[in-house]
Structures are given as structure tokens and as C-alpha cells.
């Protein structure tokens with residue numbers, strides 16, 4: 001069964017850019033109709049959809065993130081990535097990558113702090 | 001954007017009770033509803049997709065129903081390991097939205 005796993009720095013400075021990568025295993029990122037993307041969960045709060053990228057390559061984003069987010073896909077590495085610019089303490093959260101509703105990473109905690 | 005509401009929260013019940021959680025969408029999402037269980041510090045676990053399809057390996061005491069704008073998740077006989085927070089998710093389009101969650105506790 002297809003698996004996904006997040007990687008990236010656990011600490012980001014305020015106003016900097018948060019960058020995370022999700023690696024897909026036990027399957028091809030381009031060989032199916034999966035929808036790849038990111039969800040986050042601030043401490044003690046609920047799940048928030050950040051955005052996703054379709055099998056056709058079009059990206060969709062949560063409007064609440066005001067143009068700060070970019071999701072891209074690298075089929076040669078079987079990976080997709082998240083970039084979130086101008087981060088503040090409010091972006092501190094557990095970040096999960098997903099493959100449609102079926103595959104979820106274990107999550108990676110990102111703290112925004114100086 | 002489609003908005004999701006979820007009730008009740010929290011929910012307190014006895015072992016063996018039948019538990020029902022309701023989720024409402026602000027627009028028609030046909031059957032594109034999924035339900036997840038999440039325990040602290042863990043990733044969401046898929047229980048139900050397409051409103052009523054049980055994910056492989058999920059106990060049969062979990063069931064889902066509904067279409068359009070109103071959906072329910074039912075646990076037929078609550079077990080201790082079911083203590084968790086449950087989230088609904090609409091995935092009718094490529095712009096997803098989660099419900100606020102229902103925390104299920106034991107009385």
C-alpha cells in the first residue's frame with residue numbers, strides 16, 4: 001500500500017520560509033490519479049487543509065493562507081513539497097502530508113521561533 | 001468555500017453505547033465525505049470514505065451514512081479504544097475542508 005513520509009527542519013525563524021518534503025514509497029507519484037497535499041494541526045487545535053496538487057499538476061490552496069503557500073511536485077524523485085513564506089508563531093503546527101484520503105504521513109512538528 | 005459543521009462536541013458515553021456524530025456541509029457534496037479518527041500526537045486514521053464505505057481493517061462497529069449536505073458516523077457499541085477525536089472531511093472538489101472535530105470521552 002502506498003506510503004508517504006514528511007521531512008524537513010523542525011525549527012524555522014519568524015519571517016522566514018518553511019519548507020517540507022513528502023516522499024512517496026510503495027508506488028509512483030505520477031502513475032495514478034492520487035491527489036497529493038498537506039494538512040496541519042496547531043497544538044491543541046483541529047485539522048486544517050493547507051492545499052494540494054492534482055494528478056494533472058494543478059495546485060489548490062486554502063484561501064486563509066493569503067498566497068503564502070506553494071505546493072510543487074517532483075516526479076523524478078517521487079516527492080512533493082510545501083513552501084510557506086513569511087511564517088509567524090501562528091504557523092507552529094504538526095504538518096502532515098497525504099495521498100488522497102488513503103495515505104497519511106506520521107507528521108512532523110514545525111516550530112516557528114527565534 | 002464549503003464550510004463544515006460537526007456535532008456534538010464533546011461527546012460523553014458509556015462503554016457499549018451507540019454513538020452518533022453528525023456533520024453538515026454548507027453545499028451539496030454528493031457522497032464525497034470521509035471520517036477520520038485521531039489520537040493525540042498521531043496522524044488521522046481513515047475510517048470511512050465515500051460517505052459509507054468502510055476502510056479495510058476498520059472494525060465493523062463503525063459505519064457512515066448520508067449524502068448531499070448531512071452525514072453521520074455511528075459507532076454501534078463504544079469500546080475503550082474508541083476514545084479519540086473524530087473529524088469529518090469533505091473532498092467533493094480539490095479544495096478540502098475538515099469539520100471542527102468531536103472529542104469522544106468515556107462516562
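The values are calculated or read from the model by the stated rules, or taken from the named source; none is laboratory data. The shown structure was predicted, so the numbers you read here are calculated from the model rather than taken from an experiment. All Cβ positions, glycine included, derive from the backbone under ideal geometry; neighbour counts span all protein chains shown.
Out of the residues in the stretch B:62-88 that are over 20 Å from residue B:14 (Cα atoms) and either free of Cβ contacts under 8 Å to residues at least 60 places away in the same chain or in contact with a helix residue (DSSP H, G or I) (Cβ under 6 Å, 6 or more places away or on another chain) (or both), which is nearest to the other protein chains (Cβ to nearest Cβ)?
So the first thing to find is which residues in the stretch B:62-88 are over 20 Å from residue B:14 (Cα atoms), and the list is B:64-71, B:87-88.
Subset that is either free of Cβ contacts under 8 Å to residues at least 60 places away in the same chain or in contact with a helix residue (DSSP H, G or I) (Cβ under 6 Å, 6 or more places away or on another chain) (or both): B:64-71.
On the way: B:64: 13, B:65: 17, B:66: 16, B:67: 17, B:68: 19, B:69: 19, B:70: 20, B:71: 14 Å.
Filtering the stretch B:62-88 for residues that are over 20 Å from residue B:14 (Cα atoms) and either free of Cβ contacts under 8 Å to residues at least 60 places away in the same chain or in contact with a helix residue (DSSP H, G or I) (Cβ under 6 Å, 6 or more places away or on another chain) (or both), the one nearest to the other protein chains (Cβ to nearest Cβ) comes out as B:64.
Anything in the stretch A:10-49 that is within 14 Å of chain B (Cβ to nearest Cβ), closer than 30 Å to residue B:103 by Cβ and loosely packed, with under 13 Cβ neighbours inside 10 Å? List them, or say none.
Residues satisfying the conditions are A:43, A:44, A:45.
Name the one entry in B:50, B:103 that is exposed (fewer than 15 other Cβ atoms within 10 Å of the Cβ), at pLDDT 95 or above and under 21 Å from residue A:42 (Cα atoms).
Details: B:50 fails: under 21 Å from residue A:42 (Cα atoms).
None of the other options fit; the residue is B:103.
Can you pull out every residue in the stretch B:3-14 that is surrounded by 12 or more Cβ atoms within 10 Å (Cβ to Cβ) and more than 15 Å from the chain's Cα centre (by Cα)?
First, the residues of the stretch B:3-14 that are surrounded by 12 or more Cβ atoms within 10 Å (Cβ to Cβ): B:4-9, B:11-13.
If the condition is that a residue be surrounded by 12 or more Cβ atoms within 10 Å (Cβ to Cβ) and more than 15 Å from the chain's Cα centre (by Cα), then B:12, B:13 are the ones that fit.
Taking into account only those residues within the stretch A:89-114 that are exposed (fewer than 15 other Cβ atoms within 10 Å of the Cβ) and over 16 Å from residue A:20 (Cα atoms), which is nearest to the other protein chains (Cβ to nearest Cβ)? Give the steps one after another, and end with the answer.
First pass over the stretch A:89-114, keeping only residues exposed (fewer than 15 other Cβ atoms within 10 Å of the Cβ): A:89-90, A:106, A:109, A:111, A:113-114.
So of that shortlist, the ones also over 16 Å from residue A:20 (Cα atoms) come out as A:89-90, A:113-114.
On the way: A:89: 20, A:90: 18, A:113: 20, A:114: 25 Å.
Ranking the candidates gives A:90 first.
Specify which of the listed residues (A:31, A:8, A:46) is touching a strand residue (DSSP E or B) at 6+ places or on another chain (Cβ under 7 Å) and without any contact (Cβ under 8 Å) to a residue 40 or more places away in the chain. First the steps, then the outcome.
Numbers: A:31 fails: touching a strand residue (DSSP E or B) at 6+ places or on another chain (Cβ under 7 Å); A:8 fails: without any contact (Cβ under 8 Å) to a residue 40 or more places away in the chain.
Among A:31, A:8, A:46, only A:46 is touching a strand residue (DSSP E or B) at 6+ places or on another chain (Cβ under 7 Å) and without any contact (Cβ under 8 Å) to a residue 40 or more places away in the chain.
Go through B:48, B:31 for me and flag whichever is free of Cβ contacts under 8 Å to residues at least 40 places away in the same chain and away from chain A (no Cβ under 12 Å). Step through it out loud before you land on a result.
Working: B:48 fails: away from chain A (no Cβ under 12 Å).
It is B:31.
Run down B:40, B:59 and say which single residue is under 22 Å from residue B:106 (Cβ atoms) and either within 10 Å of chain A (Cβ to nearest Cβ) or touching a residue at least 24 places away in the same chain (Cβ under 8 Å) (or both). If you could, list the steps in order and put the result at the bottom.
Working: B:59 fails: either within 10 Å of chain A (Cβ to nearest Cβ) or touching a residue at least 24 places away in the same chain (Cβ under 8 Å) (or both).
The conditions single out B:40.
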